Structure formats: structure tokens, C-alpha cells
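As C-alpha cells, the structure follows; a few thoughts come after it.
The values are calculated or read from the model by the stated rules, or taken from the named source; none is laboratory data. If you're wondering where the values come from, they're calculated on a predicted model, not measured in any experiment. Cβ sites come from the backbone with ideal geometry, for glycine too, and all protein chains shown count toward neighbours. Ligands, DNA and RNA are stripped out before the accessible areas are found, and what is left, the full protein with its side chains, is counted by its heavy atoms. Shrake-Rupley method; radii C 1.70, N 1.55, O 1.52, S 1.80 Å.
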Amino acid sequence: MKLTTLKGGKLPKRVTDIFLSFVLATVFILAYHLDKKSILSSSNEGEEEIARGSSYMFGFNTDSFYIEKNIIKKNDVLGNILSDHGINTNLILLLEHEAKNIFNIRNIRTGQPYHVVKKHECDDTPLAIVYEPDNFKYVVCDLRDTVTVKLVEKDIEICEEVVSGKIESSLWGTLESQGVNPGIIDLMEEALSSSVDFYHTRKGDEFKLIYENKYVDGQLTGLGRLIAACYINENGANYSILYKSKEFEGYFDAEGRPARKSFLKAPVKFTRISSNYNLRRFHPIKGKTIPHLGTDYAAPYGTEIRSVSDGVVTASSYTSGNGNFVKVKHDNVYETQYLHMSRFAKGIRPGVRVRQGQTIGFVGSTGLATGPHVCFRFWKNGRQVNHLKEKLPPPQPMNKLELPDFMQYRDQLLVRLNELQPAGSGIAGIQRKEKQVVNP
């Protein structure tokens with residue numbers, strides 16, 4: 001803007017007044033907008049604080065609704081529960097119709113919780129009914145306006161935890177006595193079965209684990225993955241790392257070799273050898289010395305019997321001596337046989353391919369057997385041998401191109417494992433490390 005001046009460089013008074021008015025107006029406008037922005041910001045912050053401070057259950061704000069918890073009693077049906085809370089028959093039928101493709105409201109189970117949502121505690125008519133069929137989900141039957149039914153899956157917190165300990169009596173007892181889910185043993189066996197015989201753990205053996213627990217609503221609901229394991233026995237430290245490569249996802253030892261060996265050490269889990277391979281064994285039923293060319297594993301009736309390696313079933317039959325038995329051909333060198341089964345697993349018949357660890361039958365005492373066990377027999381080139389003394393073929397090693405990445409990842413986990421030091425017997429300690437939230 002060009003301003004015309006008088007002689008001596010002075011502006012006309014009228015022009016000066018207009019210019020000052022323009023400046024003041026601009027200042028006031030800016031001040032107003034800044035103040036308004038500040039007020040709105042303050043207001044939004046207040047609303048955010050209210051939202052953050054609110055508590056929700058099943059999608060209902062507990063500041064605005066009253067939620068009453070109940071338990072399904074014996075012989076309860078949802079229709080009667082709704083009727084008792086003032087819901088008429090037509091609405092109940094409509095609810096059942098809306099729920100038919102989501103959840104069968106007639107399949108409620110005794111002992112499971114349900115919740116009645118009301119506007120106030122003293123209200124008679126519910127606004128919604130929430131049923132929890134298990135720990136992982138809930139069903140919301142919303143009765144406001146139009147009847148709607150939805151199934152909601154809860155968030156699962158995956159918590160990475162570590163534990164270390166020294167066996168005092170048994171591995172199972174050591175874990176259970178300290179509140180650790182003994183199911184972790186299944187994961188340990190999968191990870192370390194090629195290097196550790198879990199049927200012969202000893203007092204003084206040590207273990208160190210990094211694993212996952214699953215939590216829903218702050219309650220422990222189950223195990224996740226075993227991330228890394230170290231088991232120290234008379235043979236030294238045995239490591240296993242869960243690692244995903246381009247070709248294989250599973251457990252590897254400290255050198256990058258797959259922990260899944262060509263053969264499992266035993267056809268049943270967590271049992272004991274009741275009779276070893278013995279060429280001069282006295283037969284308890286026939287009453288004379290007869291070579292025992294297998295290894296007996298005592299186990300309760302119905303215990304799952306697993307194929308110790310991939311292969312093809314060549315026999316699933318019965319004889320008076322062997323009882324119910326299955327025979328598996330693994331390759332041109334090795335065959336295995338499993339005797340005295342109570343029954344065969346579904347689909348197990350000659351010609352069927354089976355995987356390592358697949359259930360092929362169940363422990364029994366059919367044939368010449370004094371009690372429930374599986375007699376496990378092992379052939380090499382057509383001759384029965386003691387599998388516990390065999391040097392079995394090694395697994396295919398990890399691709400060399402992937403070793404650097406694996407080694408870097410392994411070193412990080414080994415540092416964490418080696419920091420865990422058991423103090424005396426029992427569990428040295430359980431520590432929760434980190435969480436992530438996932439859907440089931």
C-alpha cells in the first residue's frame with residue numbers, strides 16, 4: 001500500500017487514523033482466534049480425559065450402564081432367563097431368530113457367566129444380555145431399538161516369559177509346584193526330543209526356558225510358543241531355538257541343525273521303559289528265556305502311540321502274540337513296529353502315509369502282555385536292533401546362506417538363556433518380559 005505524505009514527510013491525520021484502526025482490528029482478530037483455539041483445545045483435552053477415564057465392559061460404558069453378573073445354573077435355558085427378566089415371548093423368539101447364524105442360544109452351559117445390562121441397578125427390564133461361552137469370546141444380545149446379536153472375540157495378550165529351575169524330584173513336579181503349566185513339557189519335548197531323553201530326567205538336571213503365556217482379561221488361559229530352551233544334564237547343555245527360515249519353520253540346535261531328527265526316541269510321551277531290548281530275557285507269561293527284540297514302554301491304557309518317523313503303514317493287524325499292532329516302513333533301511341495296542345487310530349491301514357509324531361494307535365494289553373504298554377520294535381536292513389544304541393542318520397542341515405541370520409538371532413537368545421541361573425532346587429524365578437495383543 002502506497003501512502004502519500006505531506007511536506008516534511010508527515011502523513012495526513014485521516015490516513016493515520018485509518019491505518020491505526022486497521023492494525024488494531026488485525027490484532028483483535030488474531031487474539032480472538034488464538035483464544036478460541038486455546039479454548040477448543042482445552043475442551044478437546046477435557047473430552048479426551050473423560051474418554052480415557054471411562055471404563056468399558058462388553059462395549060458398554062460402566063459409568064452409564066449397570067452390569068449385573070450371574071452364573072448359568074443347572075437346567076437353566078436362556079429363554080427362561082430372559083423371561084425372568086421381563087422379556088416377552090415375541091422378543092425372545094425374535095432374538096433366537098437373529099442369533100441363529102451367529103450362536104445357538106439354546107447351547108448355554110452350566111457354570112458359564114452371563115451379564116444383564118441395565119440403565120440403572122433398580123431397572124427391571126434389561127437393555128442387553130451378554131453370555132460368555134468360554135474365556136475367549138462373548139455374545140451380546142442387544143435389546144435396544146431393534147434386536148441385534150453379535151459374537152465378539154476378546155483380545156489375547158501374548159506375554160513372553162522366562163523361567164529356570166533345577167529338578168528336585170521330577171520335571172513335572174518341579175514345574176507344577178511353582179505354578180508353571182506342566183504342558184510346557186510337551187513343548188520342551190518337541191524342541192529337544194533329538195538331544196534330551198525326557199523319560200530319564202534326573203535330580204539336579206537344570207532347565208532354562210523363554211516361552212509365551214496367553215492372557216485374556218488379565219487371566220492366564222494357556223501356553224503360546226516355546227521360543228528358546230536349554231536343558232542341562234550329564235551330557236552338558238542342550239539348546240533349541242525356534243526359528244523361521246525360508247525352507248523350514250521349527251526348532252534348531254545351537255549349530256543350526258533342525259531339532260526334528262529323523263527318528264523320535266520313543267513312540268509314547270513321558271513314560272518309562274519297563275523292559276529293555278534283551279537277548280536273554282525270561283518271558284513272564286511263557287515262563288522261559290526268550291530273546292526280547294523290542295523295548296517296552298509302560299503307559300496307561302489309551303495313551304497315544306506315535307510313529308517315530310515319516311513312512312508308509314505296511315500292516316495294521318492282530319496276532320495272538322502281538323495283539324493289535326502296526327508296522328511302518330520308513331525307507332529302504334528302517335522299519336518300526338508297535339505292539340499290544342488297545343485299538344488303531346482312525347484311518348491307519350496298509351498303504352497310508354504317516355508323519356513323524358502322528359498318532360497311529362493307543363496303548364493297551366492285547367496279545368501276550370501282562371499290563372498296558374507298547375512293545376516297540378526297530379528293524380535295520382531287515383534285522384531287529386536296539387534302537388537306543390543305533391547311530392541314526394542326521395537331519396538335513398540349514399541352508400548355509402541362512403546361517404548368518406540364524407546365528408545373530410541365536411546369539412541374542414543364548415545371552416538371555418545364559419543369564420538365567422537356578423538358585424538351588426525348584427524354580428529359580430519366573431519373569432514376565434513383554435506383551436503383545438492378538439486376536440484368537
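How would you rank 125-131, 338-344, highest first, on the average number of other Cβ atoms within 10 Å across their residues?
Details: 125-131: 19.6, 338-344: 22.1.
Averaged packing, sorted descending, gives the order 338-344, 125-131.
So for K246, K214, K203, what's the accessible-area order with a 1.4 Å probe, most first? Please list the in-between numbers first.
On the way: K246 190, K214 70, K203 145 Å².
From most exposed to least exposed: K246, K203, K214.
Which entries in K119/K154; K208/K265; K203/K327; K150/K244; K73/K150 show an alpha-carbon gap greater than 26 Å? Walk me through the numbers on the way to the answer.
Details: K119/K154 24 Å; K208/K265 22 Å; K203/K327 36 Å; K150/K244 37 Å; K73/K150 23 Å.
Beyond 26 Å between Cα atoms: K203/K327; K150/K244.
Just report the Cα centroid separation between segment 250-265 and segment 65-81, whole Å.
Result: 51 Å between the Cα centres.
Taking every Cα atom in segment 88-224, find the radius of gyration and the maximum pairwise distance Dmax, and write them in Å.
22.7, 68
Hey, got the dipole for segment 96-167? About the Cα centre, +1 on K and R Cβ, -1 on D and E Cβ, debye to the nearest 20? Before the final figure, lay out the partial values.
On the way: 10 positive and 14 negative charges, 50 e Å.
With Lys and Arg at +1 and Asp and Glu at -1, about 240 debye.
With unit charges on the beta carbons (Lys and Arg positive, Asp and Glu negative) and the dipole taken about the Cα centre of segment 284-417, which residue among F376, V415, S317 sits farthest to the positive side?
Ranked along the dipole, the leading option is S317.
Just grab the label-to-label distance for Q408 and N386, each label 7 Å out from Cα along the Cβ direction, in nm (one decimal).
Here the answer is 4.7 nm between the modelled labels.
Around I71, with a cut-off of 12 angstrom between Cβ atoms, what is the net charge of the other residues, counting Lys and Arg +1 and Asp and Glu -1? Walk me through the numbers on the way to the answer.
Values: positive: K69, K73, K74, R109; negative: E68, D76, E132.
Surrounding charge for I71 is +1.
Along the charge dipole of segment 212-256, which of I241, G222, F252 sits closest to the positive end, that is, farthest toward it, with unit charges on the beta carbon of Lys, Arg, Asp and Glu (+1, +1, -1, -1)?
Sorting the options by dipole projection puts first G222.
State the Cα centre-to-centre distance between segment 188-223 and segment 294-345 in whole Å.
One Cα centre to the other: 28 Å.
Highest mean first, what order results for 146-155, 355-364 on Cβ atoms within 10 Å?
Working: 146-155: 13.8, 355-364: 19.6.
Packing proxy ranking, top to bottom: 355-364, 146-155.
Figure the gain on full extension for K119 and L220 (residue separation times 0.36 nm, minus the Cα-Cα span) and round it to one decimal in nm. It would help to have the intermediate numbers written out before the result.
Numbers: separation 101, 0.36 × 101 = 36.36 nm, distance 3.17 nm.
Net length gain for the segment: 33.2 nm.
Test of understanding: what is the full-extension gain from Y301 to R349, defined as 0.36 nm times their sequence separation minus their Cα-Cα distance? Provide the component values of the computation, followed by the final result.
Values: separation 48, 0.36 × 48 = 17.28 nm, distance 2.14 nm.
15.1 nm is the gain from fully extending Y301 to R349.
Along the positive direction of the dipole of segment 83-186 (beta-carbon charges: Lys, Arg +1; Asp, Glu -1; about the Cα centre), which of L171, H120, I184 reaches farthest?
So the residue furthest toward the plus end is H120.
If each of L151 and D197 carries a label point 7 Å out from its Cα toward its Cβ, how far apart are those two points in nm?
Here the answer is 4.8 nm between the modelled labels.
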